[in-house]
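Undergrad: After the structure tokens below, expect a handful of questions from me.
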Amino acid sequence: MTSIFPPARVAMLGSPNCGKSALFNLLTGANQKIANYAGVTVERKSGFLKSSKGMVEVIDLPGLYSLNPRTPDEAITVNFLTGQVAGEAPPERLLVVLDVTHLQRQLRLLAALASLDKPVLVALNMMDRANPAQITAAKLSAVTGFEVVETIGVRADGAAALQQRLLASCDRPLDKPASPTRDPQALYQEWVDALGLTHVLAVTRSERLDRLVLHPLWGPCLLAVILFLTFQAVFSWAQPFMHGISAVLAMVSDLLTTWLPEGPVRSLVVNGVVAGAGTVLLFLPQILLLFAFIIVLEDSGYLPRAAFLLDRLMSGVGLSGRAFIPLLSSFACAIPGILATRTIPDQRDRTITILIAPLMTCSARLPVYALLIGAFIPNQTLAYGINLQGLVLFILYTLGIVGAFGMAFIFSRFRKAQATQSLSMELPSYHWPVWRHLALGLWQRTLIFVNRVGGTILLLMIAVWFLSSFPAPPAGATQAPIEYSFAGQLGTWLLPVFKPIGFGWQIVVALIPGLAAREVVVGVLGTVYALGGSASDISVSLAPMIASSWTLPTALALLAWYVYAPQCLSTLAVVRRETNSLKMSLFLAAYQFALAYLAAWLTYHWALRYWGL
Amino acid sequence: MWLQWAIVSAVGVVSAGLLAQRLVPLSWRITLAHKLNGKVPDRLRIWWVGRVGCGDCAPKH
């Protein structure tokens with residue numbers, strides 16, 4: 001049942017990484033991204049709680065430390081709270097989330113929010129890690145005068161009491177601050193003294209671990225080992241699952257070839273859909289494995305430590321330490337990475353981070369890498385059990401990072417910093433990954449990937465099939481029919497541009513729809529070779545087909561191209577929106593094209609010299 | 001065989017429309033929807049714009 005009255009609006013506030021989004025998901029059933037580091041939420045999101053009494057709109061906002069915003073994401077929250085967003089009223093009630101393990105610092109925000117003179121409900125979060133002898137909801141409520149509810153954001157039932165209280169707020173109003181005009185600093189000091197929070201609650205296990213993890217020598221070594229093992233596992237562990245998907249695709253392809261009569265429909269389904277979109281689906285296990293590692297690392301609290309380890313290196317190339325999280329997000333996709341740059345207060349630092357974020361290897365590039373590595377790099381074990389294919393993948397990811405840092409260094413020479421931006425980030429406590437978060441994260445990635453394959457990629461593959469099938473070859477044609485098609489003609493027309501870097505017309509044809517979605521390159525190659533060949537099983541054995549058709553220098557040049565290749569159109573559109581500059585988008589596309597071309601040219605000619613054609 | 005060509009043609013037309021709707025930027029889609037105001041069914045224009053309102057058209061999309 002829904003109320004005819006507009007829903008009561010509750011703004012969810014708190015310091016970064018206090019667990020707001022985890023509670024928001026529990027309260028509203030939403031699936032917002034959550035992680036164990038600050039700055040994950042950079043936009044406002046809303047969800048609804050419904051009961052027979054009425055409806056409550058819960059608004060999740062980016063974290064903030066005070067009401068004086070220093071970054072664009074903090075400004076979103078403060079503008080919303082103070083009613084400075086055009087056409088939108090400020091929220092009537094506040095839900096302030098406090099992390100009990102960092103209570104001393106976070107009370108400062110509660111004291112500041114008390115000055116807004118709005119009804120407040122406090123969620124005392126992470127109570128599973130609190131010492132009941134030191135702090136309880138009742139004790140905090142008695143001192144601050146606000147109603148306090150205990151929550152555990154990592155448990156499925158951890159927000160049940162909070163949910164009930166929010167719904168009850170339709171009938172039973174929340175408490176307003178007793179003395180809103182008091183100086184927040186004096187109020188804060190009074191609370192800290194009354195609660196006996198003269199020191200931060202000790203998290204000794206995390207501190208002990210940090211002696212190793214943040215060690216100047218062992219810390220970077222540990223980081224390198226973790227990243228190296230991740231890429232080894234991506235190649236080794238995914239193989240059985242990929243073979244399984246490959247066998248299913250082969251079976252589907254055979255069945256369709258048998259069932260459907262020969263003609264254009266069979267060609268479209270077998271060569272366009274299965275050989276195209278189906279081939280992209282093959283790489284789902286590798287993408288999921290990569291994300292499993294990223295989710296476990298971010299949930300455990302390790303990633304912000306990695307940001308600290310890399311801070312010196314990043315400042316050396318002119319980057320702010322705050323650029324780490326946007327760059328890390330870009331390994332999934334450049335778009336959330338670019339949005340995450342809102343946490344960078346300095347405009348110059350933010351622009352440089354936006355320009356280099358697309359050089360981080362996004363997950364859409366993984367299918368291309370995996371196909372080429374599988375086709376050209378032998379699956380052999382080197383010394384100490386190191387898999388050669390995994391090693392090459394690690395090198396490709398490293399090249400992307402090195403390229404990004406190199407470009408940051410160059411850009412920072414042109415745009416001098418106005419002031420030194422030091423990294424200040426709250427280190428969360430370590431905890432074991434929550435398997436529900438891992439399962440949810442992997443499920444979301446699966447849905448995103450399957451939706452892409454079943455949506456844009458499938459449509460692009462159908463378009464590529466049409467372009468590769470028409471017009472029909474003339475009478476007496478001697479070459480494969482596809483070479484007379486629109487796609488074949490377009491590839492041949494553009495070939496002079498790409499011939500110096502070793503690309504054939506098939507690759508050129510694949511690069512164009514790859515601008516819409518990078519993994520389409522794999523699908524286009526599947527369709528082009530399926531239409532160019534005679535056997536339908538080409539659709540599920542693309543790797544050996546290209547291994548016999550291309551030279552090693554060509555394959556290496558294509559890998560080098562994809563390390564730096566121009567971004568998909570969606571990324572360029574987001575860059576335009578975030579920088580409010582079309583010039584910036586065009587500059588990004590142009591410099592990436594030049595960089596990719598240069599890298600491919602150097603790689604091709606270097607490989608030619610060593611291996612020949 | 002004519003049935004096969006009919007199916008393939010229909011798939012081609014629908015796919016081209018869906019692909020264009022996904023790839024053409026929103027501002028361009030709105031411009032085209034304005035130009036087609038009164039010339040094509042409103043439901044088609046609403047689908048084309050993607051149900052994001054510009055506030056000027058009737059019915060509102």
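The values are calculated or read from the model by the stated rules, or taken from the named source; none is laboratory data. Not measured: the values here are computed from a predicted model. Backbone-built Cβ (ideal geometry, glycine too); neighbour counts: all protein chains shown. All accessible areas refer to the heavy atoms of the entire protein, side chains included, with ligands and DNA or RNA removed. Shrake-Rupley method; radii C 1.70, N 1.55, O 1.52, S 1.80 Å.
Undergrad: Just to verify a result, which residue in the stretch A:525-539, among those that are within 20 Å of residue A:377 (Cβ to Cβ) and within 30 Å of the chain's Cα centre (by Cα), is modelled with the highest pLDDT?
TA: Looking only at the stretch A:525-539, we keep the residues that are within 20 Å of residue A:377 (Cβ to Cβ), and these are A:525-526, A:529.
With within 30 Å of the chain's Cα centre (by Cα) added as a condition, the list becomes A:525-526.
Numbers: A:525: 86, A:526: 83.
Looking at the filtered set, the residue picked out is A:525.
Undergrad: Would you check which residues across the stretch A:259-306 are within 14 Å of chain B (Cβ to nearest Cβ), open to solvent by 10 Å² or more (accessible area, probe 1.4 Å) and closer than 22 Å to residue A:243 by Cα and list them?
TA: A:269, A:271, A:273
Undergrad: Going through the stretch A:307-327 one residue at a time, which ones are crowded, with 19+ Cβ neighbours inside 10 Å and of a type outside the set (A, V, I, L, M)?
TA: A:311, A:318, A:320, A:321, A:322, A:324, A:326
Undergrad: Residue A:476: farther than 30 Å from residue B:23 by Cβ and away from chain B (no Cβ under 14 Å), yes or no? Give the steps one after another, and end with the answer.
TA: Numbers: farther than 30 Å from residue B:23 by Cβ: yes; away from chain B (no Cβ under 14 Å): yes.
Yes; evaluated as a whole, the condition is true for this residue.
Undergrad: Considering only residues of the stretch A:468-517 that are farther than 21 Å from residue A:597 by Cβ and among the polar types (S, T, N, Q), which is most open to solvent (accessible area, probe 1.4 Å)?
TA: Per the stated criteria, the residue is A:478.
Undergrad: Residue under question is residue A:563, and the condition is that it be touching a helix residue (DSSP H, G or I) at 6+ places or on another chain (Cβ under 8 Å), modelled with pLDDT under 85, closer than 22 Å to residue A:452 by Cβ and of a type in the set (Val, Ile, Thr); does it hold?
TA: Values: touching a helix residue (DSSP H, G or I) at 6+ places or on another chain (Cβ under 8 Å): yes; modelled with pLDDT under 85: no; closer than 22 Å to residue A:452 by Cβ: yes; of a type in the set (Val, Ile, Thr): yes.
No, not satisfied.
Undergrad: Could you check the stretch A:433-461 and list, in sequence order, the residues that are open to solvent by 40 Å² or more (accessible area, probe 1.4 Å), within 15 Å of residue A:290 (Cα to Cα) and among the β-branched types (Val, Ile, Thr)?
TA: A:448
Undergrad: Additional query: Any residue in the stretch A:505-521 that's farther than 16 Å from residue A:495 by Cβ: show its pairings with residues that are of a type in the set (Gly, Ala, Ser) and open to solvent by 10 Å² or more (accessible area, probe 1.4 Å) at Cβ separation under 6 Å, as long as the two are six or more apart or on different chains.
TA: Correct list of pairs: A:518/A:364; A:519/A:364.
Undergrad: Exactly one of (1) within 14 Å of chain A (Cβ to nearest Cβ); (2) closer than 21 Å to residue A:577 by Cβ; (3) at pLDDT below 85 is unmet by residue B:54. Its number?
TA: Here residue B:54 clears every test but (1).
Undergrad: Next question. Answer yes if at least one residue in the stretch A:198-216 is assigned to a strand (DSSP E or B) and open to solvent by 70 Å² or more (accessible area, probe 1.4 Å), and no otherwise.
TA: Step one: list which residues in the stretch A:198-216 are assigned to a strand (DSSP E or B), which gives none.
So far as the stretch A:198-216 goes, no, none of its residues is assigned to a strand (DSSP E or B) and open to solvent by 70 Å² or more (accessible area, probe 1.4 Å).
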